[in-house]
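**Student:** First, the structure itself, so that you have it in front of you.
The values are calculated or read from the model by the stated rules, or taken from the named source; none is laboratory data. Please read all numbers here as calculations on a predicted model, not as lab measurements. FYI the Cβ positions are ideal-geometry reconstructions off the backbone, even for glycines, and counts take in every protein chain you see. Only protein heavy atoms, including side chains, enter the accessible area calculation; ligands, DNA and RNA are left aside. Shrake-Rupley method; radii C 1.70, N 1.55, O 1.52, S 1.80 Å.
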Amino acid sequence: MDRQHVVTALEDALTDVLERPVTGLTGDVKLFADLHLDSTTMLEMLMFLEDSIGLVVDPEELDADDFVSVDTFTDFVLATRGEQVAA
């Protein structure tokens, strides 16, 4: 799975959770500040990604720093899936 696949899956998840179209995300978009996510919508997004791309997240491994931006979240997803994160 590459970065673009993760971003596309994230757009799909956010569209579902926020009940409005979310497209054209760039790496610097802030999940909480720009998209107005909260802890509930973040959990719903994670559950959507579990179903859509098979993301398995251990709640003990969640760190707020992983949810700052599209880039940090994409890095988190790739690392969780055991894939190399390209700089």
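**Student:** Return the Cα extents of the stretch 15-63 along principal axes one, two and three, sorted largest first, each rounded to a whole Å.
**Tutor:** 27, 22, 20
**Student:** In addition: Pop out the carbon and sulfur fraction of the accessible area of the chain as a percent, whole number, probe 1.4 Å.
**Tutor:** 50 percent
**Student:** Hey, could you get me the Stokes-Einstein D for the chain, Kirkwood radius over alpha-carbon pairs, 10 °C and 1.306 mPa s, rounded to whole µm² s⁻¹?
**Tutor:** 124 µm²/s
**Student:** Tell me, what is the per residue accessible area of the stretch 1-70 in Å², probe radius 1.4 Å?
**Tutor:** On a per-residue basis, the stretch 1-70 sits at 59 Å².
**Student:** Applying a 10 Å radius around every beta-carbon, put 54-60, 39-45, 22-28, 5-11 in order of their mean neighbour count, most first.
**Tutor:** 5-11, 39-45, 22-28, 54-60
**Student:** Taking the Cα centre of the stretch 23-87 as origin and charging only Cβ (+1 Lys, Arg; -1 Asp, Glu), how large is the dipole, in debye to the nearest 20?
**Tutor:** In total the dipole reaches around 220 debye.
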